[in-house]
Each structure stands twice: as structure tokens, then as C-alpha cells.
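The values are calculated or read from the model by the stated rules, or taken from the named source; none is laboratory data. None of the values given here were measured: they were computed from a predicted structure. Every residue, glycine as well, gets a Cβ built from its backbone with ideal geometry; the counts of neighbours run over all protein chains shown. To get the accessible areas, we keep the full protein, side chains included, count just its heavy atoms, and leave off ligands, DNA and RNA. Shrake-Rupley method; radii C 1.70, N 1.55, O 1.52, S 1.80 Å.
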Amino acid sequence: MKQFLIFVKKEWLHIWRDRRTLFILLFMPIIQIVLYGFALTTEVKNSKIAIFDQSKDEATMVISNEIAASRYFDLARNLYSYKDIEAAFRKDEMRVAIVFPAKFRYDLLHSNQAQIQLIADASDPNTANTLTNYATSIIKDYQQTINPDQEMPYTIHTQRRMLYNPELKGAYNFVPGVMALVLMLVCAMMTSISIVREKEMGTMQVILVSPLKPFRIIIAKTIPYLLVSMVNIASILLLSVYALEVPITGNLGLLIAESILFTVTSLSVGILISNTAKTQQTAMFTSMMSLFLPTLLFSGFMFPIENMPVPLQVISNLVPAKWYFIIVKDVMIKGLGFAAVWKETLVLIAMTAILLAASIYKFKIRLT
């Protein structure tokens, strides 16, 4: 046991003396969670619009003011002809143009109907569809205020209730995914150089004559990074709650325990890469390129997995971040307990055991 603790201390001193590595371990997760947390969002807001008002009456003024006051829109300019609309779209000055025809209020009051034209830039179809829906909803709200007691025959009223995220904040979906992405990349990247560094520095001979078994050597190399990663988990959770305003509705202890389990899985991935790589540069490059895209694509927080072809859905099961993303959403966002995430937990445990076994096997081969 004493020899094991000495080996752990040696690995810790490696991290402590390499201030660049220590800086990356402690501050890169904070920088990434802030950047990804604020930059990655599917919310459409502050989109530039332009209004071509040919009527200029009370009704068009009220609707224009309500649209401009919405957090989804930012009134860029007023237009005075259809040529201005085309020119503004070409210059990318707006996303949506709203056209009020002449005598809008008169037609609305005397004919009980009036038309509003919404022209959107559909080069980004999802954004165009979302913005036109927002504008249509605001217009319908105004229509309801004109005659709230009017009832049409056979009218169906829908009542919406948004569970877990009533304000429809994009951060509620992206924060769990960013947590998985950051922990996976940082933990795997740092441990990916731990063993190959011994070879490059010429200290592999010390390990060869060490009485410690390969399993204990692997664990000893992992423990210091695990302790640093626990600090990262705390900082990520604090930033998520206080900076990104995503509350922890479930059990905090369960969330931390699951995060530690995922950290161990990520460290195991890095150890396996370190056992197979020949140089530190190769290990770093492999950990970044082979983990970033799979985590981004197959974890489920950027692209719905159910929309993918069946072979890709099967491949996504091999990505640890997918299971951790599900766990964080269930515990942190939905407030569920262990009974809801025990299957995902078992998957992460099985992945960790397989990765550690593969790492020990590769390490034994390297020692012989």
C-alpha cells in the first residue's frame, strides 16, 4: 500500500510541477462551459425584422409595436417599397419582413378579415419557420384582444403545458450536453499522455522494475486526475446554476456520484489511448479528434438520435457521453431519482470495466 501511495504522489507531482497542464485541467473546463453554455443554443431571439406599413393606421402601429417589443425580434428598419425588401434581404439586413397592405384596419373592421404578409429568409429553413411562427402568434394575440368574446362554432382550444422547462430555455438542453462534452474531452485528453509520457521521458524503466502490479499502476495514474476532475465537476455545476441559470431539481449527491462515475469512464478512455499511442502529440490528437465529434454527434444534445439511421443509433450506444447526458437530464432537469437512471449507470460501469481491462492488457504488453 505504501508503494501504491508513493506512485500516486509521483503522478501528482507530475501534474503540480507542470503548471501548463494544471492550468488546462482547472481552467479549460470553466472556459469551455461558459463559451459552449452561452454560444450553443437553439433559441431564436433578437432577430432583425423590417416593416413595410402601407396603411399606417392604429392597428398596424399596435401590431408593429408588439412585435418590436418581443424578445424574439429587433426592428432593424422601416421599408417603403417592395424593392427595399429585396435589397434588404440581399444585404442580409433582416431575417423577416412584415408587409401591411393599405387600408388594413378598415378591412379588418368592415370585412372582418385582413391580410398580413410575412416574408422570411428561408436559406435557414428552421429559423425562418420559427420566426414566422413567433410573428403569427403575436398577430393572433392582437386579434384576440380586438374581440375576446367572439366564439366560432366548433372551435378547438389547445392548452399547452411545458414540463421541466416552462420558459423553453435552450440552456436546459445544452448544459447537460456541455457537461458531458467538457468532462470527456478534458479528462481523456489529460490521461492520454500519462503513460506515453513515461516512455518519452525515459522513466518507463522505473515502472518495469516496480513491484506494483499493472492494475495498481493504472489506478495510481488515474487517481490524481480524478481528484482534479472533482474540482472541475464542482466548478461546472456552480457555473451551470449561477451563470447559466439551470437549477438542480434532483438529488445533488446522486448527480455528483454519476458525474464522478462518468469522469472515471473518461479517464479510462484516456488511459487506453495512452497505452496505444507512441508519442504525446499522437495521444493528444487522438483524444481530441476521436472523442470530440462522436461526443458532439452521438450524445443527443445537438442532434436527436432517434432521427438518425438505425446503424448510427446502434453506434451511439458505444459513446459514454450519450448515457451521461441522459442521466444529467433525468436527475438535474427532471428531478428523477436513481430508479430512473440505474440502467444508464450500469452501462457506464460496464464501459469503465471494459476500458480498464483493455488498458491493463495493453499495459502488460508494453511492459513485456
Count of region 235-245 residues which are within 24 Å of residue 337 (Cβ to Cβ) and open to solvent by less than 50 Å² (accessible area, probe 1.4 Å): 5
From 248, 271, residue being among the β-branched types (Val, Ile, Thr), in contact (Cβ under 8 Å) with a residue 24 or more places away in the chain and surrounded by fewer than 22 Cβ atoms within 10 Å (Cβ to Cβ): 248
Test: residue 108 is open to solvent by less than 90 Å² (accessible area, probe 1.4 Å), of a type in the set (A, V, I, L, M, F, W, C) and at pLDDT below 85: yes
Qualifying helices (runs of 4 or more DSSP H) (wholly inside region 1-77; at least 3 residues being at pLDDT below 80 and on the phi > 0 side of the Ramachandran plot): none
Residue match in region 277-289 (condition: assigned to a helix (DSSP H, G or I), closer than 29 Å to residue 166 by Cα, open to solvent by less than 30 Å² (accessible area, probe 1.4 Å) and touching a residue at least 60 places away in the same chain (Cβ under 8 Å)): no
Residue within region 335-353 that is of a type in the set (Asp, Glu) and at pLDDT below 90 present: no
Helices (runs of 4 or more DSSP H) fully within region 299-368 counting 2 or more residues that are β-branched (Val, Ile, Thr), surrounded by 13 or more Cβ atoms within 10 Å (Cβ to Cβ) and in contact with a helix residue (DSSP H, G or I) (Cβ under 8 Å, 6 or more places away or on another chain): 320-328, 338-367
Residue list for region 88-114, filter: part of a helix (DSSP H, G or I) and more than 24 Å from residue 129 (Cβ to Cβ): 104, 105, 106, 107, 108, 109, 110
From the options 274, 235, residue that is more than 22 Å from residue 17 (Cβ to Cβ) and part of a helix (DSSP H, G or I): 235
Filter pass, residue 53 being acidic (Asp, Glu), touching a residue at least 12 places away in the same chain (Cβ under 8 Å) and closer than 29 Å to residue 302 by Cα: no
